[in-house]
Structure formats: structure tokens, C-alpha cells
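Comments concern the structure below.
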Amino acid sequence: MSLRRLPGEERLLAYAAGTLSPPEAVVVATHLAMRPQSRAWTALGEAVGGAILDKVDPLALDAGARDGLLARLDTAAPDRTQEIVKGSDPTLPEPLRHFPLGPWRWRGPGVYSRDVLGPRDGDCRVILLRIAPGQCTPIHTHGGVELTCVIEGAYATQDGVFEPGDFEEADASITHQQRVVSPKPCLCVAALDGQIQLPGRLGRWLAPFVRL
């Protein structure tokens, strides 16, 4: 898997089809909120799904199904655009405003993380990661997939600089280290499948103490 500044086409199509895990979908949705131009692929996926549904033979409905549907349509849907969830942060991109947040936890010099509570799929979860200017994460790889979207600030890896709205995909085939290059802290949202893995003997010794 190569690193990109936007999600891969397959991931965007899976998002449009609703087949991404909830944690991955939250990070992709954050990217789309910050980079609307990426919505071309999700629009294509939705169009393809609609075309497939058009070719599916209709099923007979129960006698009361039509009346029930009409009754639901007559009921005004709640306006969730201004909904504030207790413990959430209204300054975050819109997809993240609907989830309560855990406390900030120290993870290393200048590195803090907090859980985004709610979206989870097995060991895959969503976190916010805040890194101070000039600081970096440990060199690491992954037991599963890591999806990251930059919200504020910027960080650099061996593959270049990632700025607000940029999207990074990494897995067990990639070893990298994010170093903040912006004058202000870098804030990211990430979907992590399992724990990061530190290479080498020293990394295995430090692993129990370096967790996200």
C-alpha cells in the first residue's frame, strides 16, 4: 500500500456503499468535510449503487407497509445539524461533533491522545492525536490499518508533508514516523486497528509503555 494525500478509490467507493467499518468511515467523512473535491468518487459509488437497485426486481410489500411509510414521511425528521453531544467539541469538523470525547492522555514528550467515543469495530477505534511543534511519534508500523486525517497543523514523514485535510493510509508494510513541521500543534483524527508496533528489540521492550 502506498501513502496518499487522499483515500484510495476503493476506500471512497466502500464509504459510498456503506461497507467501511464505523471507525474508518468517521476518518473518511472528516476528510470529505475538509476536502469536498474528493466526493467525486463517493458520488460515483452512490450512482453505481442506484443503478444496481434499479435493476433489482421489486418485492411485494405487506398490506400495511404503504400506510406505515406514508406515516413516517409525514413525521418531521429531527434536525441534527445543530445537535450538541455532551462531551463533544463543536470546533472539530462536522463528522466529529456528534461523538463524546475522552480525556487527553500523555503519550510521550509533546504527544497526547484522546478517544473518540462511540465508533468502534473490534480492535479498530478512533482517536484524536495532538503533537507539539517539533515533536514526533515513535518510529512504528502497524498490526492492522491506520487511517489518518490532519485537522490542524502539519506533519512530515519520509513521503512528504501532510497538511489540513490530507489523508494518510498505512498498514503493516509501512514503517514511518510523523514529525510536526508546523509552528502550531498538529491535530489529527485517526482510525487505528490494534496497537502501533515499534521495530527492533528496544521497540519490543518499550511496546507496553507506548500505546495509543
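Data table
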read-out	value
Near pairs, Cβ below 6 angstrom, 6+ apart or cross-chain, from region 83-110 (loosely packed, with under 13 Cβ neighbours inside 10 Å) to any residue that is part of a loop (DSSP other than H, G, I, E, B) and among the basic types (Lys, Arg)	Pro90/Arg97
Filtered residues of region 131-167 (kept if over 19 Å from Lys184 (Cβ atoms) and acidic (Asp, Glu))	Glu146, Asp159
Members of region 60-106 that are charged (D, E, K, R) and at pLDDT 85 or above	Asp89, Glu94, Arg97, Arg105
Residues satisfying the stated conditions in region 101-112, i.e. closer than 19 Å to Gln178 by Cα and assigned to a strand (DSSP E or B)	Arg105, Trp106, Arg107, Gly108, Val111, Tyr112
Arg107 being touching a strand residue (DSSP E or B) at 6+ places or on another chain (Cβ under 6 Å) and among the charged types (D, E, K, R)	yes
Any chance Leu192 is in a strand (DSSP E or B), modelled with pLDDT of 95 or more and either within 27 Å of Glu10 (Cβ to Cβ) or in contact with a strand residue (DSSP E or B) (Cβ under 7 Å, 6 or more places away or on another chain) (or both)	no
Number of positions in region 15-31 that are within 10 Å of the chain's Cα centre (by Cα) and of a type in the set (A, V, I, L, M, F, W, C)	5
Matching strands (runs of 3 or more DSSP E) fully within region 113-179 where at least 3 residues are closer than 25 Å to Leu20 by Cα	124-131, 146-152, 167-170
Residue in region 146-168 that is among the aliphatic types (A, V, I, L, M) and at pLDDT below 90 present	no
Residue in region 15-38 that is surrounded by the most Cβ atoms within 10 Å (Cβ to Cβ), counting only those that are modelled with pLDDT of 90 or more and more than 20 Å from Ile151 (Cα to Cα)	Leu20
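The values are calculated or read from the model by the stated rules, or taken from the named source; none is laboratory data. For clarity, every value in this text was computed on a predicted model and none was experimentally measured. Reconstructed Cβ throughout: ideal geometry from the backbone, glycine too, with neighbour counts over all protein chains shown.
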